[in-house]
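Report on the following structure.
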Amino acid sequence: MKKRRTYLLLWAGALLLLWAAFSPGGAATASFQTAVYENPHTIIVAVPGEKATTTGDHISLYGACDYDYPLYLNGTAIPYTEHGFFAQYLALQMGENRFTLENNGVNKTVLVIREAKTPATPDPTGYTPQGGHGVVRLDNITHRQGPGTSYALLEPLVRGVACVITGRSGAYYRLADGSYIFQSAVNYSSAALPSNRVLAFKTTPLTEDRATEIRLKMPVAAYYNVEMQAEQAVLTLYNTGFAWPPELKENAMIRDIVLLSEPGAAHTRYAFRFQAGVRPAAYYVACRDGGLVIGFRHPPAPAESGDLSGMKILLDAGHGGSESGALGAALTASPPEKDINLAVTLSAEEYLRGRGATVIMTRTDDTFVSLVERVALIKQVNPDISVSIHNNSVANTTDQTITKGLLVCYSLPAQMADARFFADALSAALERPQSGTGLYLSNLALTRLTNCPAVLIEAAFLSNPEDYEWLLQAANQQLLGTEIGRVIEKRLLNQ
Ligand SMILES: [Zn+2]
């Protein structure tokens, strides 16, 4: 998950050459070869480096050594793995702390300076009233219940939505329903929002992406909220007048549309009531065609062949190119996260194609792809599921000797069931532990989505000696990819 940009270009070049030698003409199904790790026959202190300053009371020491010789820390032998990876979690006194490592006649001293903690500033609770309105200028923006990271995420807002602003707090604007968005995400105007109302409805019963789409024509694409309930979805359009909803004719997804708000109310609310026993797999909102479009995705229909024919699966290999992701015990002398992610993702792709699925990849080689580009592809493709594949790393103040295992990340409460399924099924298939509860709720661009089920897998920790040693092995990367493929298949086929 952690980004480090100090990746040695020399090593990347060597890796590229190695990869080119194994890649048959850049075919999408080319199997990627991660560079083989060779013992450095010296001490490499990956964490915390030669000198570090921290306010923590402990620090992790993590690195690689010559595995033909014992390794000593301040004169005492310490253990390392088969590949020569070691980790220690060390108590710190205030001021200077020196740790000396010795291995095959080489000495390395690490200086750690512990400073006093500055008290953290809590997130603000209030706001300063402010008028005007703002138009969201970026897609898929962070939207929260309060003005700070301690507040829950709400569904992301799409580009083009016009919001009445009622106040500001820190870096955020407050909206009509008391939620908050970043000031940097909107074009602000001190003018009041022009008066707005729904003028007409237009329904497309089944789009190419198997969605029932309802277009609400209105002068201004209103700030909205969608509440997915068991038997209906409730759409609130803020500062917008109503129009009577149309009658639907035998739609496979939506039974009817009901006006919930009083005619004349400041905000209009519609319930889209689902057909009995039917629930959309996902939904999306877009500003286009002179208003707002809301689409309800039909659940994937399993093919008669019993395989994944007709299903679209998006696989996203984390990082790439200049962004190496987390680094392992020997820093740039051992494979970085981006290469492991790619090898695993290519293996998952191979499995899923073999089961008849259409697989869309955000990258198939060592290139940089921005988060914006990755999200744009997911929104364009509307896959039946999107799975991002990463591996993990923790800060040096966390105990790296015990922080290990599988985590599945998600961003919105509705995604928790998918995340739970992936964590449990993958952990059982690989016979590998989950880290803590196996789930991690986080504001991530790749999971802050409603248009398809979306999870982000952090398979293991590059910052833990045992996890990293497991991850390094080509056979394990292949196995991990195949098992991710199988879990996706189970989820889509409801097995
Ligand atoms: Zn990552």
Test set (1) among the acidic types (D, E); (2) away from the ligand (no atom under 16 Å from the Cβ); (3) in a helix (DSSP H, G or I) - D289 fails condition number: (3)
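One line per residue, one yes/no per condition, for (1) over 23 Å from G295 (Cβ atoms); (2) outside the structural domain of G148 (by TED's automatic domain parsing); (3) in contact with a Leu (Cβ under 9 Å, 6 or more places away or on another chain); (4) of a type in the set (A, V, I, L, M):
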{"site": "D418", "(1), (2), (3), (4)": "no, yes, no, no"}
{"site": "L430", "(1), (2), (3), (4)": "yes, yes, yes, yes"}
{"site": "L439", "(1), (2), (3), (4)": "yes, yes, yes, yes"}
{"site": "T447", "(1), (2), (3), (4)": "no, yes, yes, no"}
Identity of the residue in the stretch 267-281, of a type in the set (G, A, S) and modelled with pLDDT under 95, that ends up surrounded by the most Cβ atoms within 10 Å (Cβ to Cβ): A281
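One line per residue, one yes/no per condition, for (1) in contact (Cβ under 8 Å) with a residue 12 or more places away in the chain; (2) under 13 Å from the mean Cα position of the chain (by Cα); (3) on the phi > 0 side of the Ramachandran plot:
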position: Q380; (1), (2), (3): no, no, no
position: S388; (1), (2), (3): yes, yes, no
position: L412; (1), (2), (3): yes, yes, no
position: A423; (1), (2), (3): yes, no, no
position: A428; (1), (2), (3): no, no, no
Test: residue in the stretch 376-397 that is in a loop (DSSP other than H, G, I, E, B), closer than 30 Å to S305 by Cα and either within 12 Å of the ligand (Cβ to nearest atom) or β-branched (V, I, T) (or both): no
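So that you can scan it fast, the table gives a plain yes or no per residue for (1) in contact with a helix residue (DSSP H, G or I) (Cβ under 8 Å, 6 or more places away or on another chain); (2) assigned by TED's automatic domain parsing to the domain that holds P280; (3) on the phi > 0 side of the Ramachandran plot:
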| position | (1), (2), (3) |
| --- | --- |
| G178 | no, no, yes |
| P205 | no, yes, no |
| N239 | no, yes, yes |
| P246 | no, yes, no |
Residue in the stretch 447-466 that is more than 16 Å from the ligand (Cβ to nearest atom), out of contact with any Cys (no Cβ under 6 Å at 6 or more places or on another chain) and in a helix (DSSP H, G or I) present: yes
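Of all the residues that make up the stretch 309-331, how many are outside any strand (DSSP E or B) and within 17 Å of V394 (Cα to Cα)?
Narrowing the stretch 309-331 to residues outside any strand (DSSP E or B): 309-311, 318-319, 321-322, 324-327, 329-330.
After this cut, where a residue has to be within 17 Å of V394 (Cα to Cα) as well, the list is 318-319, 324-327, 329-330.
The qualifying residues number 8.
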Of all residues in the stretch 147-166 being in a loop (DSSP other than H, G, I, E, B) and of a type in the set (A, V, I, L, M, F, W, C), the one that is nearest to V372 (Cα to Cα): V158
Cross-chain or 6+ apart pairs with Cβ under 8 Å, the stretch 260-271 first and within 12 Å of N196 (Cα to Cα) and not assigned by TED's automatic domain parsing to the domain that holds V164, then modelled with pLDDT under 95 and not polar (S, T, N, Q): H267/A176
Filtered residues of the stretch 56-77 (kept if surrounded by 16 or more Cβ atoms within 10 Å (Cβ to Cβ) and under 24 Å from L472 (Cβ atoms)): S60, L61, Y62, G63, A64, C65, D66, Y67, L71, L73
Some residue of the stretch 341-356 being out of contact with any helix residue (DSSP H, G or I) (no Cβ under 8 Å at 6 or more places or on another chain) and closer than 21 Å to L472 by Cβ: yes
Of the criteria (1) within 16 Å of the ligand (Cβ to nearest atom); (2) touching an Asp or Glu at 6+ places or on another chain (Cβ under 7 Å), which one G356 fails: (1)
Close pairs from the stretch 114-127: first under 16 Å from D57 (Cβ atoms), partner not in a loop (DSSP other than H, G, I, E, B), Cβ under 7 Å, at least 6 apart: R114/T54; R114/G95; R114/N97; E115/T53
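Rundown of residues vs (1) within 16 Å of the ligand (Cβ to nearest atom); (2) within 21 Å of N39 (Cα to Cα); (3) of a type in the set (K, R), yes/no style:
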residue: E304; (1), (2), (3): no, no, no
residue: G310; (1), (2), (3): no, no, no
residue: L315; (1), (2), (3): yes, no, no
residue: H319; (1), (2), (3): yes, no, no
residue: A329; (1), (2), (3): no, yes, no
residue: P335; (1), (2), (3): yes, yes, no
residue: I340; (1), (2), (3): yes, yes, no
residue: L352; (1), (2), (3): no, no, no
Test set (1) without any contact (Cβ under 8 Å) to a residue 40 or more places away in the chain; (2) over 25 Å from R448 (Cα atoms) - P299 fails condition number: (2)
Of all residues making up the stretch 99-121, the number that are at pLDDT 95 or above, over 23 Å from I402 (Cα atoms) and of a type in the set (K, R): 1
Residue list for the stretch 229-251, restricted to those being free of Cβ contacts under 8 Å to residues at least 60 places away in the same chain, surrounded by 13 or more Cβ atoms within 10 Å (Cβ to Cβ) and over 22 Å from Q415 (Cα atoms): L237, T240, G241, F242, A243, P245, P246, L248, N251
Residue count for the stretch 472-495, restricted to those that are among the aliphatic types (A, V, I, L, M) and under 20 Å from the mean Cα position of the chain (by Cα): 5
The stretch 209-222, subset touching a Gly at 6+ places or on another chain (Cβ under 9 Å) and part of a loop (DSSP other than H, G, I, E, B), residue nearest to R297 (Cα to Cα): D209
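The values are calculated or read from the model by the stated rules, or taken from the named source; none is laboratory data. What you see is a predicted model, and the numbers here were worked out from it, not measured in a lab. Cβ coordinates were reconstructed from backbone atoms using ideal geometry, including for glycine residues, and neighbour counts include every protein chain displayed.
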